[in-house]
Amino acid sequence: MSDTHLSEPLLQVKNVKQHFPVTAGLLRRQVGMVKAVDGVDFDLFPRENLGLVGESGCGKTTLGRTILHLYRPTEGQILFKNADLTLLKPSALRALRPKMQMIFQDPQDSLNPRMTVGSIIAEPLDEHSIIKDKERSNRIEELLDAVGLNPRYTNRYPHEFSGGQRQRIGIARALGLNPEFIICDEPIAALDVSIQAQVVNLLEDLQEKLGLTYLFISHDLGMIRHISKRVAVMYLGKIVELGPAHELYSRSQHPYTKALLSAVPLHDPGREAKRERIILSGDVPSPANPPTGCPFRTRCPVAETRCATSMPEPKNLGLGHWVACHLME
Amino acid sequence: MLSNPDSDVVLSVTDVVTQFDTADGRVHAVNGVSFDVREGELLGVVGESGCGKTVTMMSLVKLLPMPPGEIVGGSALFEGQDLIQTDIDALQKIRGGRIGFIFQDPMTSLNPVLTVGYQLTEALRLHKNSSKSAARQRAVELLELVGIPMAKDRLDDYPHQFSGGMRQRVMIAIALSCDPKLLIADEPTTALDVTIQAQILDLVKTLRQELGMAIIWVTHDLGVVANLADRVMVMYSGFVVERADVEKLYRTPKHPYTYALLRTLPEMEGERAQRLESIEGQPPDQLQRPDSCPFAPRCAYAFERCTQENPLLEFVSEGHEVACWWNMEKNAPREAS
């Protein structure tokens, strides 16, 4: 699913699949397959912010990790600056790593409690670059300053900081090697409402200042609408709809996107009372045993018989709006 | 606190103060919280983590580790009985009986080694002395009431055999098992996905119409409360800072904190904000009981008095109270977002 951009894409994801084997018994024989990511295509352009939304278990985190090659994909190609990561030798992949970073969901779990803030931020620097002594400590202070923390805090430990501040430390660590592309995996989900806005504003400022490209993974549809220009909706390992944010939020086409948007509670009792809600029945099916045909058909309010037989192909509706649904034809 | 003319008050809480002893000193978690809940009403309690919303509710039924926790003062009248003065044994008869509970995480609040049927009938056998077969019959009815398909066949299943949304339905069924007069729900949909949350909210709306109990709904999500509550109470740093009918709170928020909180939320419709409004700084640490307004250090409207005295909750209009010097003294009108 490509877009009408003039520039070259920074990242191309082509038919990526990530299947995890399920084993059982003493001999660990394979008894099944969890299709966490099952054929995902999209392009990401420089300085873009692509939102990736979906419910828990839909494969958005696995997709993020597969793109960064933290898992080797089962199938498909991942092109970063035209280099196919799946074909690169480990040493060549390592040389590219500084350009691709990740910000994690839980700043509590992703910072080592026994390391000082200075050494947490310096770890990627020590690993990938050769700056030393004065230059190194200047860089740490510069990074702390960039994320709005006091540069004098280098010798403190993570537990001395609040949740929002810890997330800023995680961001500083990701910025250390001047990355071009950052995957933000639910960076605000663990934060309080009043702190979320601070962190989102910081991420936006940094993007502007440093020319970063984000893949922003979140289940918070309101925040994605605010931060992302393009949005991809994922369900059971597949992207079911992708398009410009304003199109997707005002004229969503896929029944799943419609239901998802209507389920977000509005903070306005007046509008809330008048709104038409689509309440989906049941739960997301297990990715170890996905339905035949369209993955959404078991919960879809408008499913037809053909939905059970074949997976709908993504259809271009123009303006970079793609949707994978039989009823669009 | 205003004296309430209504006789249909189910729970009347006055000046509850709860503190915890920690290694760093005494934490002032709840600093004199008062509120009423009327029959059939849904009261939303909103605030960020650490604002004391959960501790307030747990203080009412003494579901706190004591020590380090201590309920220093206050009263909570429920059916003519002061819960704060009641001893634990007598409270056992009320908890899960006349007052039902739903907690945030259905995985950790259901016992994984007992069947759902056992956990559903436990309260019935304890509080109502029901026979085993009568309790099982009632359990099936309850599971049907909360929308679990093939209820009869699922009684002997264990919690892990249910999905997250279904487990929360089971929790609701347990809470409803003894026909409670009051239901306290603490972040019941926070751990769920939006589509599942929508299912649960829909269920709660139907159940309210059918059963008519009073509900206290504790959450950090202003969106959830907007479409569910009759009245909303906003808490900050262990104080109630604003309380109003739901329409008023969202349309004309009076407290700068409520106002700012509503403005930090991104819109789902219309123009997209260039930049999100944010509340700078952090909530105060609660080692000292503040003698000034707890929000003053982060407040855009703070003036001298705010840093000298702590405002009390005062009446601003019918069904709307706020604790804010700015509102009381300057009272300049402000537009809702």
Quiz prompt | Considering residues of region B:266-317 that are assigned to a helix (DSSP H, G or I) and within 14 Å of chain A (Cβ to nearest Cβ) only, the residue nearest to A:R168 (Cα to Cα) | solution = B:R298
Self-check item: Set B:E242, B:E277: member being crowded, with 20+ Cβ neighbours inside 10 Å, touching a helix residue (DSSP H, G or I) at 6+ places or on another chain (Cβ under 6 Å) and not aliphatic (A, V, I, L, M)
Solution: B:E242
Self-check item: Looking only at region B:153-190, and only at residues there that are crowded, with 19+ Cβ neighbours inside 10 Å, in a loop (DSSP other than H, G, I, E, B) and at the interface with chain A (Cβ under 10 Å from one of its Cβ atoms), the one that is farthest from the chain's Cα centre (by Cα)
Solution: B:F162
Quiz item: Does A:Y153 fit the bill of being farther than 21 Å from A:E180 by Cβ and open to solvent by less than 80 Å² (accessible area, probe 1.4 Å)?
Solution: yes
Quiz item: Which one of these is within 13 Å of chain B (Cβ to nearest Cβ), open to solvent by 10 Å² or more (accessible area, probe 1.4 Å), out of contact with any Lys or Arg (no Cβ under 6 Å at 6 or more places or on another chain) and closer than 26 Å to A:V284 by Cβ: A:R225, A:R168?
Solution: A:R225
Self-check item: Enumeration of residues in region A:13-28 that are open to solvent by 10 Å² or more (accessible area, probe 1.4 Å), in contact (Cβ under 8 Å) with a residue 12 or more places away in the chain and of a type outside the set (S, T, N, Q)
Solution: A:K14, A:K17, A:H19, A:F20, A:P21, A:V22
Quiz item: Taking region B:205-235 on its own, how many of its residues are open to solvent by less than 30 Å² (accessible area, probe 1.4 Å) and in a loop (DSSP other than H, G, I, E, B)?
Solution: 4
Exercise. Say whether the condition of being open to solvent by 30 Å² or more (accessible area, probe 1.4 Å) and touching an Asp or Glu at 6+ places or on another chain (Cβ under 8 Å) is met by at least one residue in region A:29-48.
Key: yes
Quiz item: Got at least one residue in region B:108-119 being under 27 Å from B:V37 (Cα atoms) and not aliphatic (A, V, I, L, M)?
Solution: yes
Practice problem: For region A:300-323, state whether one or more residues are open to solvent by 50 Å² or more (accessible area, probe 1.4 Å) and within 13 Å of chain B (Cβ to nearest Cβ). | Solution: yes
Quiz item: Within region A:33-58, how many residues turn out to be of a type in the set (S, T, N, Q) and outside any loop (DSSP other than H, G, I, E, B)?
Solution: 1
Exercise. Take region A:96-122 and flag every residue that is loosely packed, with under 14 Cβ neighbours inside 10 Å and at pLDDT 90 or above.
Key: A:N112, A:P113, A:R114
Quiz item: Can you tell which of B:E79, B:E48, B:E70 is open to solvent by less than 30 Å² (accessible area, probe 1.4 Å) and acidic (D, E)?
Solution: B:E48
Quiz item: Hey, any hits in region A:242-257 for a residue that's within 12 Å of chain B (Cβ to nearest Cβ), open to solvent by 10 Å² or more (accessible area, probe 1.4 Å) and among the basic types (K, R)?
Solution: no
Self-check item: Residue within region B:292-307 that is over 29 Å from A:L191 (Cβ atoms), out of contact with any strand residue (DSSP E or B) (no Cβ under 7 Å at 6 or more places or on another chain) and not aromatic (F, W, Y) present
Solution: yes
Quiz prompt | Evaluation of B:L261 against (1) hydrophobic (A, V, I, L, M, F, W, C); (2) more than 9 Å from chain A (Cβ to nearest Cβ); (3) crowded, with 22+ Cβ neighbours inside 10 Å (one fails), failing number | solution = (2)
Quiz item: Which condition does A:P295 not pass, out of (1) part of a loop (DSSP other than H, G, I, E, B); (2) without any contact (Cβ under 8 Å) to a residue 60 or more places away in the chain; (3) under 26 Å from A:H19 (Cβ atoms), if it passes all the others?
Solution: (2)
Quiz item: Name the pairs: first residue in region A:113-136 and under 19 Å from A:A95 (Cα atoms) and of a type in the set (G, A, S), second residue open to solvent by less than 30 Å² (accessible area, probe 1.4 Å) and in a helix (DSSP H, G or I), Cβ to Cβ under 7 Å, at least 6 apart or on different chains?
Solution: A:A122/A:I140
Practice problem: Starting from region A:247-261, keep only residues that are touching a residue at least 24 places away in the same chain (Cβ under 8 Å), then list their pairs with residues that are hydroxyl-bearing (S, T, Y) whose Cβ atoms are within a distance under 7 Å, requiring at least 6 positions of separation or different chains. | Solution: A:L248/A:T257; A:Y256/A:Y235; A:A259/B:T195; A:L260/B:T195; A:L261/A:Y249; A:L261/A:S252
Quiz prompt | Residues of region A:83-121 that turn out to be touching a Lys or Arg at 6+ places or on another chain (Cβ under 8 Å) and in a loop (DSSP other than H, G, I, E, B), as a count | solution = 5
Self-check item: Subset of region B:125-152 [open to solvent by 40 Å² or more (accessible area, probe 1.4 Å), small (G, A, S) and in a helix (DSSP H, G or I)]
Solution: B:S133, B:A134
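The values are calculated or read from the model by the stated rules, or taken from the named source; none is laboratory data. Worth saying up front: this structure is predicted, and the values here are computed from it rather than measured. Reconstructed Cβ throughout: ideal geometry from the backbone, glycine too, with neighbour counts over all protein chains shown. Heads up: the accessible areas ignore ligands, DNA and RNA and are worked out on the full protein's heavy atoms, side chains in. Shrake-Rupley method; radii C 1.70, N 1.55, O 1.52, S 1.80 Å.
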